[in-house]
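Data block below; observations after.
Laboratory data are not the source of any read-out in this text; all were calculated from the coordinates shown. Computed from a predicted model, the values in this text were never measured in an experiment. Positions of Cβ are generated from backbone atoms using ideal geometry, with glycine treated the same way; all protein chains shown enter the neighbour counts.
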Amino acid sequence: MGMVSMSAKRVPVLCTASEFGVYSSKPVDLLKSAGIELDLNPFKRKLSKSEVKSLLSKKSYVGVLAGLEPLTYGVLSNSRVKVISRVGVGMDNVDPRAAEDLGIRVYNTPNVLTQSVAELALGLILCALRGISLSDRRLHQKIWERYMGNLLDGKVVGIIGFGVIGQRVGELVRAFGAKVIFYDTRKIDSWAPQVGLSNLLARSDIITVHASGREPIIRGEEISKMKEGVILINTARGNLIEEGALTKALLDGKVAWAALDVFKEEPYKGKLAEIDNVTLTPHIGSYAKEARIEMEIKAAENLIKGLKEVGLI
């Protein structure tokens, strides 16, 4: 396990995020100057429940810089953790009731990833429309095969989840001449029309998901309501689209193309990797250097704030 500093007087913190401080030393320097001893994720990937529990048992960690690993009551109950600072936006992996019962303060880094995720979603939309990833794969195989694609201009883009990221995606595609509609469980006053989910599914040429939650939003029933040849994008949560239903729809042509950055099980090794009309990226929504550095600095600041509030530094 990587050790950033060694001192008996320093406060021990475990970083369970897959990587931290790679592109800038500032987040680690902030922690060090606050009297924190930081141990890094030794596996450099998403951890399982048993792996997190095992790592937490090795030392009296009072803080966690968390990634996407499950932080449940069972994982945290025998630890001395008092502060969890998510290196990211989503909080689905942190059990809020467990944190409350155990007296653990929880922070995340909202808004720092807005542009990074939105730009990736835009890139995936353009990739799907023009078959960029398939053309690239073919040419690497020495096959000269030109894919006839479509323009974003004039398309109806349906956005499921119209928070800050969804709204930014809407602004970006509108600049290309697309028409934007959105669905959200909350009433949102916006420049784009808010519609019901069934309405969005039926009208959209491209559907991009920017919601949260643990249950699927798009299953076979929802796919059946979509236009023939729809494009489906997901940079939000892997569990929001039912993979079996999507696989069937891709194979029978109901969905012309899917582009996914998130998966229910990561690293992903499923059947979608065997299908041509799918673009897959390994959860890189936050992987723009500028955004990553800003997110890590904010996560470090949140951790320091929390530890100060509970009197540990």
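Rounded to the nearest 10 degrees, the inclination of helix 114-130 to the longest alpha-carbon principal axis of the chain is 30 degrees. Short-range pairs are left out: with C-alpha atoms under 8 Å and at least six residues apart, the relative contact order of the chain is 18 percent. From the list [x] 31, 51, 17, 0; [y] 29, 55, 15, 1; [z] 29, 42, 25, 4, can you say which value of P(r) over Cα pairs in 20 Å bins from 0, in percent was derived from the structure given? Read-out taken from this structure: [x]. Applying a DSSP loop filter and a limit of 15 other Cβ atoms within 10 Å to the chymotrypsin sites (Phe, Trp or Tyr not before Pro) in the stretch 1-102 leaves Y23, F43. Computed on the Cα atoms alone, the convex hull of the stretch 206-258 gives a volume of 64 cubic angstrom per residue. Can you give me the distance in nm between label points at R214 and R45, each placed 7 Å from the Cα along the Cα-to-Cβ direction? Computed distance between label sites R214 and R45 equals 2.4 nm. Note on K58: lysines with a C-alpha under 18 Å away, same-chain residues under 8 apart excluded, are K9, K44, K49, K82. For the chain, find the longest principal axis of its Cα atoms and tell me its angle to the long axis of helix 243-252, 0 to 90°, nearest 10. So the helix axis and the longest Cα principal axis differ by about 20 degrees. Magnitude of the charge dipole for the stretch 114-280, about its Cα centre and with charges confined to Cβ atoms of Lys, Arg (+1) and Asp, Glu (-1), is about 180 debye.
In this structure, the amide hydrogen of A259, modeled 1.01 Å from its nitrogen in the peptide plane, lies closer than 5 angstrom to those of L232, I233, N234, T279, counting only residues at least 5 positions away or on a different chain.
Under a 5 Å amide H cut-off, with hydrogens placed 1.01 Å from N, V106 pairs with I84 among residues at least 5 apart or on other chains. Return one number: the angle in degrees, 0 to 90 and rounded to the nearest 10, between the long axis of the Cα atoms of helix 289-309 and the longest principal axis of the Cα atoms of the chain. Once rounded, one gets 40 degrees. Note on the stretch 114-280: lysine pairs with Cα distance below 21 Å, sequence gap of 8 or more or different chains, count 15. Computed from backbone phi, the HN-Hα couplings of the stretch 187-198 come to 7, 10, 7, 8, 5, 9, x, 8, 10, x, 4, 4 Hz, rounded to whole numbers (Karplus: 6.51 cos²θ - 1.76 cosθ + 1.60, θ = phi - 60°; Gly and Pro given as x).
For the stretch 114-280, the share of alpha carbon pairs falling in successive 5 Å distance bins from zero is 2, 9, 19, 23, 22, 14, 7, 3, 1, 0, 0 percent.
Comparing D189, D153, D205 in a Gaussian network model of the chain, where Cα atoms under 10 Å apart are tied by springs, the biggest mean-square fluctuation is seen for D189. The trypsin sites (Lys or Arg not before Pro) found in the stretch 119-186 that occupy coil by DSSP, while having at most 11 further C-beta atoms within 10 Å, are K142, R146, R186. Of the trypsin sites (Lys or Arg not before Pro) found in the stretch 244-283, those in coil by DSSP whose Cβ has at most 10 other Cβ atoms within 10 Å are K269. Each stretch of four or more DSSP H residues adds -39500 (n - 2.57); spread over every residue of the chain, this sum gives -10000 deg cm²/dmol at 222 nm.
Scanning the chain for GluC sites (Glu not before Pro) in DSSP loops with at most 15 neighbouring Cβ atoms within 10 Å leaves 1-144 as the longest stretch between them.
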